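Comments concern the structure below.
The values are calculated or read from the model by the stated rules, or taken from the named source; none is laboratory data. Please read these numbers as outputs of a predicted model, since none were measured by experiment. Positions of Cβ are backbone-derived with ideal geometry, glycine not excepted, and every protein chain shown enters the neighbour counts. We work out accessible area using only protein heavy atoms, side chains counted, and drop any ligands, DNA or RNA first. Shrake-Rupley method; radii C 1.70, N 1.55, O 1.52, S 1.80 Å.
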Amino acid sequence: MNMPQHAAPIAATFDLAKIRNDFPILREAVRGGRLAYLDNGATTQKPESVLYALDDYYRHKNANVHRAVHDLAERATTAYEAARDRIAAFFNASREEIVFTRGTTEAINLVAYSFLQPRLQAGDEILVTGMEHHSNIVPWQLIAARSGAHVVPAPVTDAGELDLDAWRALLNTRTKLVAVMQVSNTLGTINPVAEMIVEAHARGIPVLVDGAQAIAHLSVDVKNLDADFYVCSAHKAYGPTGFGMLYAKRAYLEAMQPWHGGGDMIRTVSFEGSTWNDVPYKFEAGTPDISGAIGFAAALDYIATIGLPAIAAHEHRLLEEGTQRLQNIKGLRVIGTAPGKAAILSFVMDCAHPQDIGTILDQEGVAVRAGHHCTMPLMQRFGIPATVRASMAVYNDSEDLEQLERALVKVGRLFG
Ligand code: PLP
């Protein structure tokens, strides 16, 4: 298969029509009409270059990695390890610090079980924020329950910002880890993670940053950030589902015991005992998601070709336009108004339940998420069961926002 024309690297200037053309699914009719895909916080669509990389791998390179001497195994291993180099370079990490996982959730669980659990004692605390995704709460609760430790949430303000003074006041000698999302999937709030890392480190506390909603929108340099652990998923950044990574400082990875056992993570196995492979392989038991790594590397290449500053500027324009359009809708209230937030618009309406709004929007071809967005504590904080969330990506345009506004006017007509 030859690489299709439209999968070639895109121009340095921001060309929205060309970008939209890179995503074949955007031409898909839904409910008999135009698709306005505004559910990017849940997962993004995939450009031709990523689809090509996945297809090319299975057509021309498919074999198991690290295990055989034949030509295809060599091609698969080379492509897989080249993907690790590409991914490491994108985040300014070294390849030994990038552990491949099934996604953000698995990466957080890996840190919970391999790093934190052996270090936790009764009375210890894991400091999170009140806006975290369930995947940055529940793994900590599971290990805390085993050791008598506690998960402590820092409060969120009415605007949907972290109350930084309150967070600071919660740091103490019992705090064994700070875990924080860089960008809120529900509110779009961008947390001051660099500042938080400095403050936690000043007290000798390691920090895990959940970058699931960040990497497609903000430049992330893990060295500069000085994060101890940084986790993300490929599928929220134009890559395949079921793939992600844990970045961890090498000293931590060296000191941590493996979490999963099996093939590839060992150096020697005997019934007297086994020894572990080098990092990062020590944490990658079993046949990995080879095409996932290759697809993620292609997705990061795609992002890099456009450039994160250009992507962020475009999404900011969309956020401003979207915010204005929502102001035209009677009885609509935006949840999350933090200054400088990412392009996520969460809202409720007086006249209808979010689920009903989502259903009407779907009939109009507008794909949004309606629900608690895996942030039930945050919903409790705002005293609401759910919101409707429109979350934007590089390929969204004014027409998508116009379609959203028209559909919301219809909601008002039907329920108002
Ligand atoms: N963290 C945040 C902020 C998210 O938005 C999500 C997914 O919505 C996750 C973690 C979990 O990601 P995954 O389901 O890819 O593991």
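With the helix formula -39500 (n - 2.57) applied to DSSP H stretches of n ≥ 4, the chain reaches a computed 222 nm mean residue ellipticity of -11500 deg cm²/dmol. Hydrophobic, long helices, defined as DSSP H runs whose alpha-carbon span along the helix axis is 20 Å or greater and whose mean Kyte-Doolittle value is at least 0.0, occur in the chain at 290-306.
Between rounded, prolate and oblate, where does region 192-266 land on the alpha carbon gyration tensor, with a ≥ b ≥ c its root eigenvalues, rounded for a/c under 1.5, else prolate if a/b exceeds b/c?
On the way: a/c = 2.78, a/b = 1.11, b/c = 2.51.
Oblate.
Once you sort the root eigenvalues of the Cα gyration tensor of region 23-117 as a ≥ b ≥ c, which label holds: rounded (a/c under 1.5), prolate (a/b larger than b/c) or oblate (the other case)? Oblate, because a/c is 1.5 or more while a/b does not exceed b/c. Lysine pair count for the chain with Cα-Cα distance under 27 Å and sequence separation of 8 or more or different chains is 21.
Kirkwood Rh, Cα Rg: Rg to Rh for the chain? Mind showing how you got there, number by number?
Numbers: Rg = 22.0 Å, Rh = 22.4 Å.
Ratio of gyration radius to Kirkwood radius for the chain: 0.98.
Name the longest site-free stretch of the chain, where the excluded sites are GluC sites (Glu not before Pro) in a DSSP loop with no more than 12 other beta-carbon atoms within 10 Å.
Counting only loop sites that pass the neighbour cut-off, the longest clear stretch is 29-271.
Can you sort Leu361, Leu170 by solvent-accessible area, 1.4 Å probe, largest first? Write down the numbers at each step before the final one.
Values: Leu361 0, Leu170 50 Å².
My answer, sorted largest first, is Leu170, Leu361.
Under the criterion of Cα pairs below 8 Å and six or more residues apart, the relative contact order for region 53-304 equals 24 percent. Would you please give the FRET efficiency between Ala68 and Ser274, computed as 1/(1 + (r/R0)^6) with r the Cβ-Cβ distance and R0 = 25 Å, to the nearest 0.05? Approximately 0.70, to the nearest 0.05.
Going by the alpha-carbon gyration tensor, a ≥ b ≥ c the square roots of its eigenvalues, is region 334-416 rounded (a/c under 1.5) or, if a/c is not under 1.5, prolate (a/b greater than b/c) versus oblate? In terms of gyration-tensor shape, oblate.
Largest first, the residues Thr44, Thr78 sort by 1.4 Å accessible area into Thr78, Thr44. For Arg119, neighbours were defined as the other residues whose beta-carbon sits under 13 Å from its Cβ, and their charges (Lys and Arg +1, Asp and Glu -1) total 0. Of all DSSP-defined beta bridges confined to the chain, some 60% are antiparallel rather than parallel. At 1.306 mPa s and 10 °C, plugging the Kirkwood radius over alpha-carbon pairs of region 239-359 into Stokes-Einstein gives what diffusion coefficient in µm²/s? D = 83 µm²/s. Reducing region 341-391 and region 233-302 to their Cα centroids gives an inter-centroid distance of 35 Å. Taking every DSSP beta bridge that has both ends in region 182-278, the antiparallel portion is near 75%.
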